[in-house]
Amino acid sequence: MEKYISILKRTKMFAGVKDDEIKSLISCLGARVFTYKKGEYVLRQGEHLSDIIVLVEGKLHIQKDDYWGNRSILSQVAVGEMFGEAYVAPESGVLLNDVVAVEDSTVIFFDVKRVITTCSSACRFHTLVLQNMFFAISEKNKKLVQKLGHMSKRSTREKLISYLSEEAKRQNSASFVIPFNRQQLADFLSVDRSAMSNELCKMRDEGLLKFDKSAFKLL
């Protein structure tokens, strides 16, 4: 567990918490480490969850498959991000989505009851973790609103323009790399992959952008 302290220090949940303080919190918060191979499920739809989870290595997708196998990628979890907080309240019910390892990944589960209940000494760093969680949840809500903005567009082109424009702003550059391959991008935007690829080629031919795999340049 100690080898992940330097990684946890760089996460949003533990921002501003010192190494020795994180070491104390690992035990205090009931931390458990789990590793998953690429393609394995971290969580499955229908499960109950009582932990706040932080990704410390790899990459995860939160996704949902319908009865016929059509997949929608709701969001991506990057190193340092937490997930699962939407399902830990007593009346939250079961998970509505799957969480899958896109790469070999390592996650740490923290007992939510221990996270939200400060110890008797009310240590400063435990209070700081709670504050960080609030800010992280606010940021995730912002990302959800952004995705809803993309999804509200009517056509595949409009969805692409909305998403790529947002990525250019987020990365503060007209040239950027997105975190999805073609199929993943289509699943994220809920569009047909072939139709999306055709639209990208049209936009390239019209001089709107250039692309090479996941690298884009807006013109």
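The values are calculated or read from the model by the stated rules, or taken from the named source; none is laboratory data. The model shown is predicted, which means the values in this text are computed figures rather than measured ones. No Cβ is skipped: glycine too gets one built from the backbone with ideal geometry, and neighbour counts run over all protein chains shown. SASA here: full protein model, heavy atoms, side chains in, ligands and nucleic acids out. Shrake-Rupley method; radii C 1.70, N 1.55, O 1.52, S 1.80 Å.
List of remarks:
- The label point for residue 165 and the one for residue 15, both projected 7 Å from the Cα toward the Cβ, are 2.7 nm apart.
- Measuring nothing but how far apart in sequence close Cα pairs (under 8 Å, 6+ apart) lie, relative to its length, the chain scores a relative contact order of 21 percent.
- Fully extending the segment from residue 86 to residue 206 would add 39.0 nm, taking 0.36 nm per residue of separation and subtracting the current Cα-Cα distance.
- Excluding ligands, DNA and RNA, the accessible surface per residue across the stretch 87-219 is 57 Å² with a 1.4 Å probe.
- Protection proxy ranking of 57-68, 153-164 - average other beta-carbon atoms within 10 Å, highest first: 153-164, 57-68
- Principal-axis tilt of helix 156-170 within the chain, Cα atoms, nearest 10 degrees: 50 degrees
- Crossing angle, helix 19-28 versus the chain [Cα axis fit, 0-90 degrees, rounded to tens]: 80 degrees
- Near the amide H of residue 51, within less than 5 Å, lie the amide hydrogens of 112, all on another chain or at least 5 residues away, with H placed in the peptide plane.
- Peptide packing: for 16-23, 81-88, 203-210, the average count of neighbouring Cβ atoms within 10 Å per residue gives the ranking 81-88, 16-23, 203-210, highest mean first.
- For residue 60, distant residues with modelled amide H under 5 Å away: 77, 102
- The stretch 3-43 and the stretch 78-120 have Cα centres lying 12 Å from one another.
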